[in-house]
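Right, one structure below, let's go through it.
Each reported figure results from applying straightforward, stated rules to the coordinates on display, with no laboratory input. What you are looking at is a predicted structure, and each value in this text was computed from that prediction instead of being measured. Neighbour counts are summed over all protein chains in view; Cβ atoms, including those assigned to glycine, are modelled from backbone coordinates with ideal geometry.
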């Protein structure tokens, strides 16, 4: 399992920072740090940047925003740290927050540092060394969904979480907000998608299903599996978009990434997690299982699935806009404009299927 742990690499030149300043700050705020750290960067993720600080006897993880223009409410590192800290007592799968920094003289941006959770993080394909047969893959999938159900059962009235609750109208705010983000992220040649946004506005439910803590980016590559048991999840990462909102919107967001074995070749090329493996639930089975576990009505889930894809399309386009403007040179973003156009077409297919 050690070989399957995320391996940090050399820091990309555009993402480098003055390690000595960060080291000095951390030694003032994290008890017991000693020695000189080395710095490396985790390759995963297309939004915020994640680094490994390796001290002689301890490993820490630093999270910071990307450089360049960004959406008004995105990449708020201190908010993410507050949410994780507030969840720790009732949701044991979050890492411990060790330090937060809003002093621009240290790194030039807000950042936070947390403990490193060692274990396997699943990417595009299921590593054969896990030794999971079809039944094992199914149990892995069900455990993954159970952790989401457990998150949605967390008491939102506790300090640090209740402040996130803006009350009724979450779905309406999301439809309006992400539609505006799409318009702001437009680049030359991008699809206007006014028809998709009009359908979402007209088809949205009149009321929220519930108000609970939602992750808003719940995927296999954001969970950590125990080193000694691949069926046990020990960590859930990347809480940037977490809030209090509608649970079916959270599930719809997760399914936007859920590429199954019978999807078309283009969508297969998007796959970032092993949801195509024999034993994995299909999207329809995921929705049915979630409905059984929670008692929520999932009979009209089409809206949530379309919205999840639309939101992913916006995120992809926002990243592509940064690339198109030269604010990042990461070559993996060069095809994101085409990816956004494909997601728009996929939204239209689902809308047509809804009748």
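List 17, 303 from most exposed to least, where exposure is judged by having the fewest other Cβ atoms within 10 Å. Mind dumping the intermediate values first?
On the way: 17 18, 303 21.
If I rank by nearby Cβ atoms, fewest first, I get 17, 303.
Working note: 222 nm ellipticity from helices only, DSSP H runs with n ≥ 4, each -39,500 (n - 2.57), summed and divided by the residues of the chain, gives -12000 deg cm²/dmol to the nearest 500.
For the stretch 128-354, what's the relative contact order in percent, using C-alpha pairs closer than 8 Å and at least 6 residues apart?
Working: 286 pairs, mean separation 53.9, N = 227.
Relative contact order of the stretch 128-354: 24 percent.
Using only the Cα atoms of the stretch 2-115, build the gyration tensor, take square roots of its eigenvalues as a ≥ b ≥ c, and label the shape rounded, prolate or oblate: rounded if a/c is under 1.5, else prolate if a/b is larger than b/c, else oblate. Rounded is the answer for the stretch 2-115, as its axis ratio a/c remains below 1.5. The alpha carbon gyration tensor of the stretch 177-331 gives principal lengths a ≥ b ≥ c with a/c of 1.5 or higher and a/b no greater than b/c, which makes the shape oblate. Nearest 10 degrees, 0 to 90: what angle lies between the long axis of helix 134-151 and the longest principal axis of the chain (Cα atoms)? Its long axis makes an angle of about 80 degrees.
Taking other C-beta atoms within 10 angstrom as a stand-in for reagent exposure, 285, 305 fall in the order 285, 305, fewest first. For the stretch 131-218, the square roots of the Cα gyration tensor eigenvalues, ordered a ≥ b ≥ c, give a/c of at least 1.5 with a/b no greater than b/c, which places it in the oblate category. Remark: 263, 250, 195 ranked as 195, 263, 250, counting other beta-carbon atoms within 10 Å and listing the fewest first. Between the stretch 131-208 and the stretch 244-320, what's the alpha-carbon centroid distance in Å? Taking the Cα centre of the stretch 244-320 as reference, the centre of the stretch 131-208 is 10 Å away. If you fit an axis through the alpha-carbon atoms of helix 170-184 and take the longest principal axis of the Cα set of the chain, what angle between them do you get, 0 to 90°, nearest 10? That helix lies at roughly 80 degrees to the long axis. Computed from Cα atoms, the angle from the helix 194-203 axis to the main principal axis of the chain rounds to 80 degrees. Per residue, the average separation of C-alpha pairs within less than 8 Å and at least 6 apart gives the stretch 2-115 a relative contact order of 23 percent.
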